[in-house]
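Have a look at the structure below before the remarks.
The values are calculated or read from the model by the stated rules, or taken from the named source; none is laboratory data. As the structure is a computational prediction, the values presented were derived from the model and not from experiment. Ideal geometry is used to build each Cβ from the backbone, glycine not excepted, and the neighbour counts take in all protein chains shown.
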Amino acid sequence: MVDNKKKGIKPRKIIKGFGIGLLVVIICIVVGVTGFTVFYLSSTNGMSNYLNVNAIPPSKDGIVNILVAGVDVGAKDNSNLSDSNSDVTSVATNINNTKYDNSIFLFSFDTKNKKLKIISIPRDTMFKANSNMNTLKYADSVDGPKYLVNTVEALYNIKINYYAGFTYAGFKNVIDALGGVDLNINNNMNYDDNVQNLHIHFTKGSTVHMNGSDAENYFRWVKNNNDQTVSFSNEVTRIKDEEDLVKQVMSKFKRLSTIFKYPEIISTVSKSVETNMSAGDIIGYARTFAGLNSSDISYSIAKGYDVKIQDKKYYLFDSVNNKKYVSSSVSTSVATVNKAATNVYVWNGTNKNGLAMNYKNILNEKGFTSVTASNPPASVKKPVSETQIQFYNMDENKLVEICNDFGNAFKMNNIELVPKKSTGKADVIVTLGTDAINN
């Protein structure tokens, strides 16, 4: 038996030497795997050969904006397409060529301060093509990813540096390549669609290890079969579920074991993702984002209001506040609404006496001085359960500004924009519901 003391070799030195050696081996493996991955991706462009939007190299120590879209190919839901928009409907009529962006994320990374903002943009966000209203989820059907990128750039007044579009099949394959993810289920999900062979069943409160198919179903859930309609609250719930999944995927990239899966992951990405990012960019940003502390990553939903316009639902984008959130250089805008000249009628749709007058006083304090408080006409059946706010013959941006000026005075769950003028002098009619009694 060798006596280490006689040989002058200390056990701590043996352990230290072994640790350094192991670290060197791990570094070599990581470098080798990463190098192979970059080489492999560089030689396999896959779907990205046909991408019609160019990458914009970011400025040094600036903001990098990456638009990520979950693209559903051959979408069957074209109910919200504007019939008058030939650019969109001409594409949508050929249902096999229709694309719609079911999920839209803006990754805005501050390279100087190492802060990442992940912003979910609701797919029903309104944009205009040839002065006609459409929802953002169909922007891809106009002129591919280029149109979606240009539209988001216009909404935020920013430049999108990179774009990446995942199909559901690609998303499923990437999750499988990662070895699946563990998710806590926050909602009961029960939805069956035999036409699409889509069956989603998860129980609230459970923790599920999801493979690619499970994650795809989870990502696609919007409502249950027994839900009568899809409200914006459904959309918010869906977006928050998607954010949870994104968090788990990012945490998976932090693990050392994931490095050894890079070749499989990148092979999947190259076959399933449309992107204008280089191989080095994909690996670099994936590792950078995964290495951030959770306190340096913020998740949010683009600010705006869910509004009914001519029997269709649109999400009206709050341009001013959203621009401020992604860029500190955006200055405070000058108000365009003359609150004193805005005629607001407040109708008491409840049986509580004096409620309309109470809200008139609240609006007066907010600068709205042309407010009329009264009972509603006989055509309004009392009691009304949910407060309704109707705007008449008004620009969408003005509507958003007035909603912001109202603040938390009213519940903003039932808003309608009526293109024609009201029968009276009202610019806005608020019909108070029982939800306004204890608001």
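A few notes on this one:
Rundown of residues vs (1) small (Gly, Ala, Ser); (2) within 16 Å of residue 65 (Cα to Cα); (3) touching a Lys or Arg at 6+ places or on another chain (Cβ under 8 Å), yes/no style:
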position: 250; (1), (2), (3): no, no, no
position: 255; (1), (2), (3): no, no, no
position: 258; (1), (2), (3): no, no, yes
position: 269; (1), (2), (3): no, no, no
position: 272; (1), (2), (3): yes, no, no
position: 279; (1), (2), (3): yes, no, no
position: 289; (1), (2), (3): no, yes, no
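- Output for segment 347-369, where each listed residue is aromatic (Phe, Trp, Tyr) and either farther than 17 Å from residue 403 by Cα or in contact (Cβ under 8 Å) with a residue 60 or more places away in the chain (or both): 347, 359
- Whether a residue is on the phi < 0 side of the Ramachandran plot, surrounded by fewer than 17 Cβ atoms within 10 Å (Cβ to Cβ) and of a type in the set (Asp, Glu) was assessed, and residue 235 does not pass this test.
- Qualifying residue in segment 110-117 (condition: modelled with pLDDT of 90 or more and among the acidic types (Asp, Glu)): yes
- Yes/no for residue 416 being at pLDDT 95 or above, out of contact with any helix residue (DSSP H, G or I) (no Cβ under 7 Å at 6 or more places or on another chain) and surrounded by fewer than 14 Cβ atoms within 10 Å (Cβ to Cβ): no
Okay, residues lined up against (1) part of a loop (DSSP other than H, G, I, E, B); (2) closer than 21 Å to residue 286 by Cβ; (3) modelled with pLDDT of 90 or more; (4) of a type in the set (D, E, K, R):
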residue	(1), (2), (3), (4)
101	no, no, no, yes
104	no, yes, yes, no
146	no, no, yes, yes
155	no, no, yes, no
158	yes, no, yes, no
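- For segment 131-144, a residue qualifies if it is farther than 21 Å from residue 281 by Cβ and out of contact with any helix residue (DSSP H, G or I) (no Cβ under 7 Å at 6 or more places or on another chain), and the qualifying residues are 131, 132, 133, 135, 137, 143.
- Residue match in segment 120-132 (condition: part of a strand (DSSP E or B) and free of Cβ contacts under 8 Å to residues at least 12 places away in the same chain): yes
- Subset of segment 181-210 [surrounded by 15 or more Cβ atoms within 10 Å (Cβ to Cβ) and farther than 26 Å from residue 413 by Cα]: 181, 183, 200, 202, 208, 210
- Note on segment 299-319: residues that are among the β-branched types (Val, Ile, Thr) and surrounded by fewer than 18 Cβ atoms within 10 Å (Cβ to Cβ) total 1.
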